[in-house]
Amino acid sequence: MQAQGKDRSNPVLNILRLITAGAAAGVLTAAVALPAIGGAGISTKSAVEGLNLKPEELEEPPLSEVTRLYDANGDQIGQFYFENRQSVTLDKVAPIMRTALIAIEDYRFYQHGPIDVEGTARALVKNLTSGGVTQGGSSITQQYVKQVLLNKAKTPEEQAAAIAPTVSRKLSELRHAMAVEKKYTKDQILEKYLNIAYFGAGAHGIQAAAKRFFDKPASELNLVEAATLAGAVQNPARTDPNVGPDSRERLLERRNVVLDRMAELKMIKPQEAAEAKTKKLGFKDIEAPGGCEESEYPYFCLYVQYEILNNEDFGKNQEERRELLERGGLRIKTTIEPKMQAAAEQAIRKYVSAKDKPVASQAMVVPGTGEIKAMAASRKYGRSKSKNEMSYNIVADGAHGGGRGFQQGSTAKVYTLAAALEEGLKYGDGFPSPAGYQASGYSAFKNCKGQNVGDPSHTVRNSSEGGGGFKTLETGTWGSVNTFFVKLQEEVGLCDVVKMAKKLGVKRADGQKLSEVETFTLGVNEVDPVTIASSYAVFAARGEYCKPLAITEITDRYGKVKQYKPKCSQVLDEKVADAVNGILSGVFTKGTMTEVGGIGRDAAGKTGTTDNYMSAWFAGYTPNLASAVSLGDPRGTSAHKLIGVTIGGRYYSYVYGASISGRIWKDSMLDALKGVEPTDFTPVDRSRFGGCTDNCAPKPPKERRDDGPRDPFDWFDRDDDGGGDDRGDWGNGRAGDGPGNGRGNGRGAGDAGPAGNDD
């Protein structure tokens, strides 16, 4: 009896009825795209014609590919991926792998069109009679189409629709398969399928699978390994060897099914199959780490990651740029230099332990290019609190995954020095520099908006190292005298000092505007090592500022190469930079780094310890390399000062800029510059910067009332008794310079206490 006049003799309709009935009964176990049945007399052509199907173009978005990072020498240092995949051409896949896959998935692949009616029917019967799934029913072309549609799906609903066992979806899949068969050769289709297929254990594509499972490229797979991967394609979730013993046992069974099928099809000899089946699974479980946590250089990796995420050159928005990073298959060549990185890491480990609460971090930058050569920290990057790991990029600013940074301290004084030299002051110019200094009035300091920010009620004091007396640009810098620099900033103009800092690339680590207050020169602003190293590199490059550079070249998945050149500009007169170098060179021989010493070649630098020892810095450079080292407690420097602390197994009553940071800088620079030919600084133009102008040191009086010795630097030693000073001892102030008094006036944290110190 015919139902509603339908022709029960039409084989195509019988196919559709079988699909519908099978779906209802839950017997679509073969997961075939169009499970045709009706005898060998039904050809692919007649089946397609009976359904009146026409090819439908398949949109094929690029596959998600691994993005890889390389150091300056071309060695891989990290990778990002949404899916672990590395596409390869068919000639990079072992022939036995191709044979194994075709045997189990579509043995007539090279003989049929988009659908193999005969093979589909045979697979359906075989699977129904065996009580399990042993053979696939869909052609490789159909499977490729389904994978493309699945990869395109963005939502769970779209993903479910891409694999739904419905007649409409099956017919749509077939229309796409017809278009694919017209567009590509069989070899091209096989190559595409091998690259898109998921094999389990997080491995997408044959190359990633070969490396993940067997630690070798796809071109070197043998019979046993090829059969294993061919078997894994059908149901990778069930046979994922990374899940556990049961899954591995199922994968082993599936491998043996493939071997038997290959022997049945006479692709291999029965004895070869038998011998192969005696072998163990051989899964080597080679992980494919992704993300910066697994990188050899995690802090630098983070810097590169954020460079791409925040750069509109790589996409209209951050979501688009992240997709490019994780799916784009980019090859990113970077500036990191393993030798210099190792030097920084080794020096830090020597003085600071990974278990210490205070963290030391260092950046190395090349003057004249801005290339970042090293980014290191005492703690490992990660999210484990029990392991004392850092969860953010402590070497960089917030725009590159960093935090708030640490107050700069007296390393900021060089910007005032540079501004003074630019405005015409000479080496011998100076001022009386008492132990304490108060602004002459609220208008003594004006920010760049013209607002008064001077605070006559606030007293800036010197450190024990930075004693008072008459100080010049040279002696005031070498001794890091706080009162001298605040007075010098007043003479030059606060706004001019701020502008100088900005010209040299200085910005707050948190992205906020620089705090333009009276104590700007003493380092009130929180900064990061990359920024400070880059600002000091300007002096080494004779006034040329270069934006920090981490990426030199990117090759996309299609082989298109884009190079990234240094972005530099002349921001300071060459001779002014030379004059800064001349003064800062003396820090090693006549100043706060005397005890530590130099590095046996021309070098310049500045120590910095903030108010009440909250953080400690050293920034310095040679003509070849600039570097900055910070030390502070990320839990909060106000509450966790560097006083009475044990760091690196050594106890410190107080930590100065030279105590740890200066020593890290020296040791790391010595190793980093091994094999690099020393370069001298350009001599200072003494005709321009020598001597003094109107701020010369006073000449000693012609007559004296006693025979006692007089301190030539103590301008206020007026009692001529050969000893102290009837106005107090101006040279032994014990309180720190600090970045302010913490009284809500914007100067920063901490009171200028009796034990404060500058350097």
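Observations
- Volume in Å³ per residue [convex hull over Cα atoms, computed for region 549-663]: 190 Å³
- For region 622-696, a simple Cβ point-charge model (Lys and Arg +1, Asp and Glu -1, everything else neutral) yields a dipole of about 320 debye relative to the Cα centre.
- Rg to Rh, two decimals, where region 335-378 supplies the alpha carbon set and Rh follows Kirkwood: 1.04
- Net lengthening on full extension, K590/N310 (0.36 nm per residue, minus Cα-Cα): 96.4 nm
- Accessible area expressed per residue, region 217-371, with surrounding protein chains retained (probe 1.4 Å, Å²): 47 Å²
- Taking all C-alpha pairs of region 206-334, those more than 23 Å from each other amount to 49 percent.
- Å² per residue, accessible surface of region 612-681 at 1.4 Å: 34 Å²
- Within the shell defined by Cβ-Cβ distances under 11 Å, the residues around G398 carry a net charge of -1, with Lys and Arg each +1 and Asp and Glu each -1.
- Residue-level accessible surface for S569, protein heavy atoms, 1.4 Å, Å²: 60 Å²
- Neighbour-limited loop hits for trypsin sites (Lys or Arg not before Pro), region 143-209 (at most 15 other Cβ within 10 Å; DSSP other than H, G, I, E, B): K154
- Annotation for region 534-619: chymotrypsin sites (Phe, Trp or Tyr not before Pro) lying in DSSP loop with at most 11 further Cβ atoms inside 10 Å of their Cβ are Y558.
- Since only T477, Q407, H458 are under comparison, the one whose Cα sits farthest along the positive direction of the charge dipole of region 407-488, derived from C-beta charges on Lys, Arg, Asp and Glu, is H458.
- Rounded to the nearest 10 Å², the accessible area of R508 at probe 1.4 Å: 30 Å²
- Signed unit charges on C-beta, dipole axis of region 214-270, positive-most listed residue I268, V233, N256: I268
- Put simply, region 135-279 fits an ellipsoid with semi-axes of 28, 18, 15 Å; these come from the alpha carbon gyration tensor as the roots of five times its eigenvalues, largest first.
- Label zone at R635 (point 7 Å along Cα-to-Cβ), backbone N below 17 Å, region 339-374: 353-360
- In region 527-611, the trypsin sites (Lys or Arg not before Pro) that fall in loop regions by DSSP, at most 11 other Cβ within 10 Å: K560
- Net charge contributed by nearby residues that have their C-beta within less than 14 Å of L281 (K/R +1, D/E -1): +2
- For the pair C448 and E57, label points projected 7 Å from Cα toward Cβ lie 5.3 nm apart.
- When the alpha carbon gyration tensor of region 414-571 is reduced to an equivalent ellipsoid, its three semi-axes come out at 36, 17, 13 angstrom, largest first.
- Inter-label distance, nm, simple model (7 Å from Cα along the C-beta direction), L281/T459: 7.6 nm
- Radius of gyration over Kirkwood radius for region 488-605, both on Cα atoms: the Rg/Rh ratio is 1.06.
- The distance between label points at C696 and S391 comes to 6.2 nm (points 7 Å beyond Cα on the Cα→Cβ vector).
- Overall shape of region 611-694 was characterised from the C-alpha gyration tensor. The equivalent ellipsoid obtained from it has semi-axes of 32, 20, 10 Å, in decreasing order.
- Rg/Rh, computed from the Cα trace of region 386-501 with Rh as the Kirkwood radius, has the value 1.07.
- Other residues within the sphere of radius under 13 Å centred on the Cβ of A153, judged by their own Cβ, net out at +1 (K and R +1, D and E -1).
The values are calculated or read from the model by the stated rules, or taken from the named source; none is laboratory data. Please read these numbers as outputs of a predicted model, since none were measured by experiment. Heads up, the Cβs are rebuilt from the backbone with ideal geometry, glycines too, and the neighbour counts pull from every protein chain shown. All accessible areas refer to the heavy atoms of the entire protein, side chains included, with ligands and DNA or RNA removed. Shrake-Rupley method; radii C 1.70, N 1.55, O 1.52, S 1.80 Å.
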